[in-house]
Amino acid sequence: MHRNPDRPLSPHLTVWKWGPHMAVSILHRITGGALATVGALVLVWGLLAAAGPPDAWATFTKWATSWLGILVGIGLSWAFFQHSLSGLRHLVLDIGAGFELRTNKLWANATLAGAVLLTAAFWALVWGLAK
Amino acid sequence: MSEMETPIARVRGLGSAREGAGHWWQERQTSLGAFLLYLWLLVSLVRLAPFDQRVVADWLRDPFAAVPMLLLVWVTFRHLRDGLQVAVEDYVHDEGNKFFVLLLLNLFAVAAGALAAFAVLKIALGPPAA
Ligand code: HEM
């Protein structure tokens, strides 16, 4: 980039009071990044294992049901729900709606709460099925 | 020296090549596609528990599972490539590094996506489990 380092940057990250909309914004990027790397590798591994010999599938399911696998699974499912809800919020903001201060804050908080609730519901379901 | 420079070298990285809107729109479309397809996958997975390999393979042999799964793979890697590209462009400013990181990103997305799609096709088109 041809940026002149003598020119001042406008202050941005440091001058704002921290709020839920900022948390949701950076979480969207972090969860997107985690899904795109860890999540994508798990997807590829699972599909290759399903297409492979029985011991390949056994290795995959052994990992997926270990405590580490379950921890990663909980993390990925939360990341998915958070990213999806904030992604849907993104699409609403993209059409120019939802920028009023209170509305914006309400829906930012709703994605945070919604993602945790959906993660809990999902694992309660999985737990029920596993028994 | 300046006569050695091609016109493209003088304008590279300076501004719009008018690709931004298409990239942006692609990212929105793939996100909606991903949302619907992952809802479908979650519901399907819950019905497949406890994940016997034979049951999973039989499921993917049905065209109405194999095709959405292929679409899901396509949409995931397309969306992830476009998305990570934007994030990289926000943080990597050196032209050379950016070029290299985006090259790696494309390599990863294409290779991983192709592997995933191949695995689905192998099950879908392969012989039923004995
Ligand atoms: C599960 C697979 C998914 C993966 C791997 C993924 C990955 C990513 C990545 C890496 C980004 C770039 C983040 C950034 O620029 O900060 C992104 C952006 C985005 N994602 Fe996803 N995503 C997935 C699913 C979804 C879903 C289900 C939605 C729901 C609507 C969605 C909506 C969006 C939107 C709107 C953006 C653009 C945000 C922006 O421009 O700042 N994504 N995604």
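Got a number for carbon plus sulfur as a percent of the stretch A:20-130's accessible area, 1.4 Å probe? All intermediate terms of the calculation are to be shown ahead of the outcome.
On the way: 4940 of 6270 Å².
Its accessible area is 79 percent carbon and sulfur atoms.
Please determine, in degrees from 0 to 90 and to the nearest 10, the orientation of helix B:63-91 with respect to the longest principal axis defined by the Cα atoms of chain B, where the helix direction is its Cα long axis.
That works out to roughly 30 degrees.
Counting chymotrypsin sites (Phe, Trp or Tyr not before Pro) as exposed when in a DSSP loop with at most 12 other beta carbons within 10 Å, what is the longest stretch of chain A free of them? Display every interim value, and only then the final one.
Working: sites that count: A:Trp16, A:Trp18, A:Phe99.
Here the longest segment lacking exposed loop sites spans A:19-98.
Ignoring ligands, DNA and RNA, what percent of the accessible area of the stretch B:26-125 is carbon or sulfur (1.4 Å)? Mind dumping the intermediate values first?
Numbers: 4050 of 5560 Å².
Exposed carbon and sulfur together represent 73 percent of the surface.
Summed for both chains, how many Å² of accessible area, to the nearest 100, are buried between A and B with a 1.4 Å probe? Kindly include the intermediate steps, with their values, before the conclusion.
On the way: alone 10100 and 9810 Å², together 17230 Å².
So the buried area, both faces added, is about 2700 Å².
How large is the accessible surface per residue of the stretch B:26-125, computed with a 1.4 Å probe and reported in Å² as a whole number? All intermediate terms of the calculation are to be shown ahead of the outcome.
Numbers: 5560 Å² over 100 residues.
Spelled out: the 1.4 Å probe surface of the stretch B:26-125, per residue, equals 56 Å².
Using only atoms on other chains, find how many Cβ atoms lie within 10 Å of each Cβ of peptide B:50-56 and report the average. Please report the intermediate quantities before stating the final value.
Numbers: counts 4, 9, 2, 11, 2, 0, 7.
Going residue by residue through B:50-56 and averaging, the value is 5.
Return one number: the angle in degrees, 0 to 90 and rounded to the nearest 10, between the long axis of the Cα atoms of helix A:67-94 and the longest principal axis of the Cα atoms of chain A.
Roughly 40 degrees between the two axes.
Could you work out the helix-only [θ] at 222 nm for chain B, with each DSSP H run of four or more residues adding -39,500 (n - 2.57) and the total divided by the number of residues, to the nearest 500 deg cm²/dmol? Mind dumping the intermediate values first?
Working: 5 runs with 103 residues, N = 130.
That calculation yields -27500 deg cm²/dmol at 222 nm.
Please determine, in degrees from 0 to 90 and to the nearest 10, the orientation of helix B:20-48 with respect to the longest principal axis defined by the Cα atoms of chain B, where the helix direction is its Cα long axis.
Here the helix axis deviates by roughly 20 degrees.
What is the average number of partner chain Cβ atoms found within 10 Å of a Cβ in B:89-96? Let's see the in-between values first.
On the way: counts 0, 1, 0, 1, 2, 1, 2, 0.
Neighbouring Cβ atoms belonging to other protein chains average 1 per residue here.
Using a 10 angstrom cutoff on alpha carbons, build the Gaussian network for chain A and name the most mobile of A:Ile26, A:Ile95, A:Ile70.
Evaluated over chain A, the most mobile residue of the options is A:Ile95.
For peptide A:51-62, compute the average count of partner chain beta-carbon atoms within 10 Å of each residue's beta-carbon. Don't skip to the end; give the middle numbers.
Numbers: counts 14, 4, 1, 3, 0, 1, 6, 1, 0, 2, 5, 0.
For peptide A:51-62, the averaged partner shielding equals 3.
Hey, what D do you get for the stretch B:1-101 in µm²/s if you plug the Kirkwood alpha-carbon radius into Stokes-Einstein at 37 °C and 0.692 mPa s?
On the way: Rh = 17.1 Å.
Using the Kirkwood radius from Cα pairs, D works out to 192 µm²/s.
When we measure straight from the Cα of A:Lys62, which aspartates and glutamates land under 20 angstrom away, once same-chain ones fewer than 8 places off are left out?
Straight-distance partners of A:Lys62: B:Asp52.
Residues of the stretch A:108-131 that become at least 50 Å² less accessible with every protein chain present than in their own chain isolated, using 1.4 Å: which are they?
Residues losing area: A:Leu129.
What number comes out for accessible area per residue over the stretch A:20-130 if the probe is 1.4 Å? Units Å², please. It would help to have the intermediate numbers written out before the result.
Numbers: 6270 Å² over 111 residues.
The answer is 56 Å² per residue.
Name the residues of the stretch A:23-41 whose accessible area falls by at least 40 Å² when all protein chains are present instead of the chain alone, probe 1.4 Å?
A:Arg29, A:Ala36
Identify, among B:Val101, B:Ser44, B:Thr76, the residue whose Cα sits farthest towards the positive end of the charge dipole of the stretch B:19-104, taking +1 on the Cβ of Lys and Arg and -1 on the Cβ of Asp and Glu, with the dipole about the Cα centre.
B:Ser44
Sort out the exposed loop GluC sites (Glu not before Pro) in chain B (DSSP loop, at most 11 other Cβ within 10 Å) and tell me the longest stretch that has none.
Numbers: sites that count: B:Glu5, B:Glu19.
The answer is B:20-130.
The values are calculated or read from the model by the stated rules, or taken from the named source; none is laboratory data. The structure presented is a predicted model; accordingly, all values stated were derived computationally and were not measured. Neighbour counts run over all protein chains shown; Cβ positions are idealised from the backbone, glycine included. For accessibility, only protein heavy atoms count, side chains too; no ligands or nucleic acids. Shrake-Rupley method; radii C 1.70, N 1.55, O 1.52, S 1.80 Å.
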